[in-house]
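Novice: Below is the structure I would like to discuss, written out as structure tokens.
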Amino acid sequence: MPEPLHLAVALDGSGWHPAAWREPAARPSKLLTAAYWTDLVQTAERGLIDFVTIEDSLGLQTDNSIVHAAPTDRVDRV
């Protein structure tokens, strides 16, 4: 019998695309809450995903190399 295949999902902000948080279904106001991440993990569990990975910390970033003080155009891992 072949070895079982394990499926995983890497959760990253509201999605891998830098502007994913701007999509109507992205829920950016809830992005930094535990409930948001719990919901994503429960969705993965219902999809029979074996495990998920989550970055160590979350924060706002920017693609603008000039503005460093208040990044607000991108949600990504830190």
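Throughout, read-outs are computed from the coordinates displayed, never taken from laboratory work. Treat the numbers as computed from the prediction; the structure is a model and nothing was measured. Reconstructed Cβ throughout: ideal geometry from the backbone, glycine too, with neighbour counts over all protein chains shown.
Novice: Would you please give the residues with an amide H less than 5 Å from that of VAL52, counting only those at least 5 places away or on a separate chain, with H modeled from the backbone geometry?
Specialist: Residues meeting the amide H criterion: VAL9.
Novice: A follow-up question, please. Please go through region 4-49 and write out the chymotrypsin sites (Phe, Trp or Tyr not before Pro) that DSSP classes as loop and that have at most 11 other C-beta atoms within 10 Å.
Specialist: Those that pass, being in a loop and sparsely packed, are TRP16.
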